[in-house]
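The structure under discussion appears below in the form of structure tokens.
Readers should treat all values here as calculations from the given coordinates under stated rules, not as data from a laboratory. Values in this document were obtained by computation on a predicted structure and should not be read as measured data. Heads up, the Cβs are rebuilt from the backbone with ideal geometry, glycines too, and the neighbour counts pull from every protein chain shown.
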């Protein structure tokens, strides 16, 4: 299960500005009249007919279908999506019948809490809190659920859905088009890159743009009984999650590069149940099969001899196979003496663990006094925690930080008379995970797409982050750091299905 999210995005290279929807009064305020005006349908201020509303709400593909967000004909509690109107802020009502509530940004991701007639109660993130309120159900658009905030799992990530006009379909796609964002789905992005490298036509034929509706239909393949695969078609609109106030996609894609990976990722997220679902990691070999319709063949690097490595990759490349490989979840151990303070504390400092991407493994920290005066302290953190509590006989209080902004920061205080002679005597032992080889830029628990053999002796892989590309590695380094490998006979050309 590989799914490391990109921690740092490369510098923007000329951001395309998404075209906002035409400015008008909030749909929440003017209802069907605004729907009519926005959709360009007949009816004027008198409202729209059931047939016209049905068409605009995407219940059919007749001539009334307008270029607009995907809507749903049946809204239910528990559905995830976004509130998309005219571009103006959207006002939430305190009750289904009215009453002033919070105002939120157009494009805000939401969760449906209840439905009553033509009104829906939704939960939306606003700043550092969740707000609930009622809106016109026609504002709800069909979008995958966002990932959860790293520091507060009760909150969705602070992104909004923004419109990207124009045909974003792939043109001469390559693996270098991909750029993973703030969701842990490197398995999927690396699979996209591998397939694009081996069979650009497969990627091209998987995405169909409907200019009239402003939507994309993306084809995947689902495995059925006996290993057979059937085509699955997922429709998504032109709205992508972005960082607030920017045109920078929050997930797949970067300004200045092709955005077909963002469209494909959005469709995959919708198919699987949300960005939050695919952000839990996955199997890159299975993802390649879902992209191509062909079975992926796995190979265990641990079972390969060093002399087999180069011939294996050369043969797979010659055969036109997409090649995906995963790096094991690297762990290391370290000892540090970073704490300073006096008397019984608090003693404070931050451990050093070799690279800015490395992270302390919760539950692995142990602090001892090299002079033997102070009792030992150990953290009680577990995976997913942002902070761990330090405990032990004679320990008054203590914490160790795990989240990126304060990873490795420590504060420790002892009960009176139990502290060390001096802070420098406190030794911190811990385990960490992250970078496996800083010189070659190989990241632990990460997925890569294979690009080619270099000079007949080295292997070049592609980091789906779109940045921090690894240097060519030797066959011995491949066997040392990689623990999964899969190839897929992506077709050179394929009739749409």
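Among 238, 387, the order by Cβ neighbours within 10 angstrom, fewest to most, reads 387, 238.
To the nearest 10 degrees, how steep is helix 186-198 against the longest Cα principal axis of the chain, on a 0 to 90 scale? Relative to the chain, helix 186-198 is tipped by roughly 70 degrees. Over the Cα atoms of the stretch 388-452, each weighted equally, I'd like the Debye log10 I(q)/I(0) at q = 0.28 Å⁻¹, rounded to two decimals. Results for the stretch 388-452 at q = 0.28 Å⁻¹ read -1.31. Our helix-only sum for the chain, with -39,500 (n - 2.57) per DSSP H run of n ≥ 4 divided by its residues, gives a mean residue ellipticity at 222 nm of -5000 deg cm²/dmol. Using only Cα atoms, locate the centre of the stretch 431-446 and the centre of the stretch 156-235, then give the distance between them in Å, rounded to an integer. Between the Cα centre of the stretch 431-446 and that of the stretch 156-235, the gap is 28 Å.
Considering only beta bridges that DSSP places wholly inside the chain, some 100 percent are antiparallel.
A simple spin-label model places the labels of residue 123 and residue 247 3.5 nm from each other, with each point 7 Å out along Cα-to-Cβ. Counting every C-alpha pair in the stretch 55-206, the share spaced more than 18 angstrom apart comes to 66%.
Net length available on complete extension from residue 350 to residue 455 is 33.5 nm, with 0.36 nm assigned per residue and the Cα-Cα distance removed. Once both labels are positioned 7 Å from their Cα atoms along Cα-to-Cβ, the gap between residue 389 and residue 371 label points is 3.0 nm.
Helix 306-318 and the longest principal axis of the C-alpha atoms of the chain enclose an angle of approximately 10°.
Modelled label positions at residue 415 and residue 228, each set 7 Å beyond Cα in the direction of Cβ, lie 7.1 nm from each other. By the count of other C-beta atoms within 10 Å, a proxy for reagent exposure, 454, 195, 234, 104 are ordered fewest to most as 454, 234, 104, 195. Over what distance in Å are the Cα centres of the stretch 258-332 and the stretch 65-131 separated? What the calculation gives is 37 Å, centre to centre. The mean sequence separation of alpha-carbon pairs under 8 Å and at least six residues apart, normalised by the residue count of the chain, gives a relative contact order of 16 percent. Taking every Cα-Cα distance in the stretch 261-338 and sorting them into 10 Å bins from zero, the calculated P(r) comes out as 13, 34, 27, 18, 7, 1 percent.
Looking at the stretch 331-433, what % of the alpha carbon pairs are farther apart than 17 Å? Taking all Cα-Cα pairs of the stretch 331-433, the fraction more than 17 Å apart is 43 percent.
Over the chain, the reciprocal of the mean inverse Cα-Cα separation, the Kirkwood hydrodynamic radius, stands at 25.1 Å. As a rough footprinting exposure proxy, the listed residues 134, 260, 271 were ranked by other beta carbons within 10 Å of their own, and the order from fewest upward is 271, 134, 260.
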